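Working notes, beginning with the structure itself.
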Amino acid sequence: MENVVLIVHLILALALIGVVLLQRSEGGGLGMGGGGGGAVSGRSAATAMGKLTWILAIAFICTSISLTIIAAQKSSGGSVIDRLADAPAPAAAEVEAPTTDLLPPAEGDNAPLVPSAD
């Protein structure tokens with residue numbers, strides 16, 4: 001169910017972006033205002049695009065809310081802090097002294113730095 005709502009949500013988002021980009025700019029936003037009184041332009045086309053924008057926006061908000069509700073139902077009953085309080089405290093790890101193989105040789109030690117392949 002969540003995947004279906006998510007796919008519809010993504011399609012609505014893309015459609016909303018497309019419709020907004022197709023609308024005529026009232027203030028000449030990108031310098032593409034242009035004149036011309038063609039058959040396609042006019043007040044009726046602007047209202048139809050405006051209505052379509054509102055419909056897509058309302059549908060987008062509804063799918064957003066439904067995805068939030070689905071996610072809330074799937075989540076666990078408590079918060080992360082509650083789970084940390086219930087977990088046992090980790091035991092203090094004892095720090096081991098490094099082995100002598102990792103230490104540099106002492107001044108009087110004539111042992112080679114690289115072990116021989118005997």
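The values are calculated or read from the model by the stated rules, or taken from the named source; none is laboratory data. As the structure is a computational prediction, the values presented were derived from the model and not from experiment. Cβ atoms come from the backbone with ideal geometry, glycine included; neighbour counts cover every protein chain shown. SASA here: full protein model, heavy atoms, side chains in, ligands and nucleic acids out. Shrake-Rupley method; radii C 1.70, N 1.55, O 1.52, S 1.80 Å.
Just a yes or no: is a residue in region 90-105 modelled with pLDDT of 90 or more and open to solvent by less than 90 Å² (accessible area, probe 1.4 Å)?
No: zero hits.
Out of the residues in region 1-12 that are within 15 Å of the chain's Cα centre (by Cα) and in contact (Cβ under 8 Å) with a residue 24 or more places away in the chain, which is nearest to L56 (Cα to Cα)?
That would be H9.
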